[in-house]
Amino acid sequence: MSFSEYISPLVGRLILAWFFLSGVYSYAGQWDVSVQFMALKGIPAPPLMLALALVAATLGGFSLILGYQTRHGAVLLFAFTLIVSIAMHDFWKIHDVIAREADYQIFARNMAIAGALLFLVGMGPGPVAIDSIKSKKR
């Protein structure tokens, strides 16, 4: 196994985890603004939904960092990303061209991240992961 085959999955997982966990930090730190934005988008029970979203992103993010239950964490983050993208970045409803394009860019980025998460589901965490160490001991 080459060095790149050995280390690339770890670096990819860490970057994806960084994306989600930095979002957790940002949205939790701006709780009131986040709740107001969710209410503006018509999300029911915004404080509860934000708390659930932060828990899902935190659990999924740490799953990716550790490489523990990686496929489950990636599925959780995949579902989370799809739901949030459709609910919060509904660019198809925006009439202003510039605002629609900005929201589309966020939606497209999120779909690319969802694709990377599906790649993790299919290929697994790579050799530098708790999941891989556990499977070698069996």
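One entry in (i) 13.5; (ii) 9.4; (iii) 7.9 is mean projected area of the Cα convex hull in nm² calculated from the shown coordinates; its label is (ii).
Highest mean packing comes first when the peptides 40-49, 70-79 are listed by Cβ atoms within 10 Å, giving 70-79, 40-49.
Note on Tyr104 and Ser135: the model spin-label points, each 7 Å out from Cα along the C-beta direction, lie 3.9 nm apart.
For the chain, modelled as a GNM whose springs connect Cα atoms under 10 angstrom apart, the maximal fluctuation among Ile86, Ile98, Ile106 occurs at Ile98. Note that the stretch 116-122 has calculated 3J(HN,Hα) couplings of 5, 5, 5, 4, 4, 4, x Hz, one per residue in order, obtained from phi through the Karplus relation 6.51 cos²θ - 1.76 cosθ + 1.60 (θ = phi - 60°); glycine and proline are x. The packing ranking of peptides 107-117, 57-67, highest mean first, is 57-67, 107-117, where packing means the average number of other beta carbon atoms within 10 angstrom of each residue. Once the Cα-Cα distance is subtracted from the 0.36 nm per residue extended length, the Asp90 to Ser22 segment shows a gain of 22.2 nm. The packing ranking, built from the mean of other Cβ atoms within 10 Å per residue, places the peptides 125-131, 27-33, 50-56, 1-7 in the order 125-131, 50-56, 27-33, 1-7, highest first.
Estimated from helical segments only, the mean residue ellipticity of the chain at 222 nm is -27500 deg cm²/dmol, where each DSSP H run of four or more residues counts as -39500 (n - 2.57). Relative to the Cα centre, the charge distribution of the chain, modelled as +1 at Lys and Arg Cβ and -1 at Asp and Glu Cβ, gives a dipole magnitude of about 600 debye.
Taking every C-alpha pair closer than 8 Å and separated by at least 6 residues, the mean separation divided by the residue count of the chain gives a relative contact order of 30 percent. For a label point 7 angstrom out from the Cα of Leu66 toward its Cβ, which stretches of the stretch 117-131 have the backbone nitrogen within less than 11 Å? Flagged as within label range: 130-131.
All of the numbers you see were taken from the coordinates with simple rules; none came from a lab. Model, not experiment: these values are computed from the prediction. Cβ sites come from the backbone with ideal geometry, for glycine too, and all protein chains shown count toward neighbours.
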